[in-house]
Every structure is written in C-alpha cells, then in structure tokens.
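Since the structure comes first, as structure tokens, the remarks are kept for the end.
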Amino acid sequence: MDPVHKYQAKALCTKARSGVVSSDVVTDAIHFSAPPEFLGDAGVWTPEHFFVASIVSCFVSTFSGMAELSKLSFASFETDAEGVMEKDAGGWRFVEVRLNPTVIVSREQDCERVKRLLEKAEKTCLVARSTTARIVMNPTVTFEHEMVTAKAS
C-alpha cells in the first residue's frame, strides 16, 4: 500500500457565508453555509457539521471494517455524535466530540467482544486521531433477545 494518500475537495462560494463543496472523484456535491449562530443559513450543512460527520463516519467505517475482519456480526449498529465548541483566547474551536454508538448483537457472548472492538475503533479512527478535540465514547451494546423480551413485557 502506498505510504501517502491524498484527498481533494473544492468549494465554490455562492453567496456570503455559503457555497457548494465538491470533488472530482465524488458524485454528489454538498451545499453548505455557516451556521445560523455565525450568520449563515439554517437547515444547511455547515463546516461544523462536516467536522462532526467526518469523525462519526470514520468511526462507523473503522468499527464495521474491524468487525468484518474479525468475523463478528451484529444485528444493528448506529452512532450519533455531538461536537462541543468553546471559545478561548484564539477564538472558537471544537474541544470535544461525543460518540454514542449503539450496537445490537444476535449472540449474547458477543457483547464483550463488541465493546472491545468499539474501544479499538475509537483509538484507531484516523480522522479522530487527527484532531485536538477530545473524543468521548459512551457505547450501548445490547443482546437482541433482551430487546424482544423488554418489548413483550
């Protein structure tokens, strides 16, 4: 494998604080704006959303790839994420990104293995490792049978 990888993106300004980001190797362009709190448009992807999305999507890709290589199956896996920004002497910056993965497994004996792989994915996700923001993970791992039993009660 090549020791260097490069990823290209470009942005076109469409109006003040707004534009379209695209790449020659990606099919869909994405409209973006500064967030409303920084005088941008509401309801549009922002650079701040892109930042959090890059971490959560990298985490999902990393965990699911590790699970596949480890021959560990899961019934369901999703993660929500929240980035926390604070203002310091240098201006605004992300200080923390909270990952809340939820994994449902079909076999109870896989619960501990999933937790270990989640921790490994958190430590090895390359986008998360590339930021100074603290990554905090609060995982939930549930055995599918427990959910069926709880719903029946």
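Any read-out appearing in this document is the output of simple, stated calculations on the displayed coordinates, not a laboratory observation. Fair warning: this is a prediction, and the values are worked out from it, not measured in the lab. All Cβ positions, even for glycine, are placed from backbone atoms using ideal geometry, and neighbour counts span all protein chains on display.
So which trypsin sites (Lys or Arg not before Pro) in the range 74-112 end up in coil per DSSP with only 15 or fewer other C-beta atoms within 10 Å?
Numbers: sites: 87, 93, 98, 107; in loops: 107.
Here the sparse-neighbourhood loop sites are 107.
What percent do you get for the relative contact order of the chain when only Cα pairs under 8 Å and 6+ apart count?
Working: 224 pairs, mean separation 26.4, N = 153.
It comes to 17 percent, rounded to a whole number.
Using Cβ counts within 10 Å as a stand-in for footprinting exposure, how do 58, 13, 125 rank, fewest first?
Working: 58 18, 13 9, 125 22.
Going from sparsest to densest Cβ surroundings: 13, 58, 125.
What distance in nm separates the two pseudo spin-label positions at residue 26 and residue 70, each 7 Å out from Cα along the beta-carbon direction?
For the pair residue 26/residue 70, the computed spacing is 2.9 nm.
If I take R0 = 35 Å and measure r between the Cβ atoms of residue 109 and residue 1 in this structure, what FRET efficiency does the formula 1/(1 + (r/R0)^6) give, to the nearest 0.05?
0.55
Expected output is a single nm value to one decimal: the length gained when fully extending between residue 95 and residue 57, i.e. 0.36 nm times separation in residues minus the C-alpha distance. What is it? The partial results should precede the final answer.
Values: separation 38, 0.36 × 38 = 13.68 nm, distance 1.86 nm.
Length gained, residue 95 through residue 57: 11.8 nm.
Could you give the size of the charge dipole of the chain about its Cα centre, using +1 on the Cβ of each K and R and -1 on the Cβ of each D and E, expressed in debye and rounded to the nearest 20? Could the numbers behind the result be given before it?
Values: 17 positive and 20 negative charges, 68 e Å.
Rounded to the nearest 20 debye, it is 320 debye.
Between (1) 0.93; (2) 1.25; (3) 1.07, which entry matches Cα Rg over 2.2 N^0.38 Å as derived from the coordinates of this structure?
The value matching this structure is (2).
Setting aside same-chain residues fewer than 8 positions from residue 10, which lysines have a Cα under 28 Å from its Cα?
87
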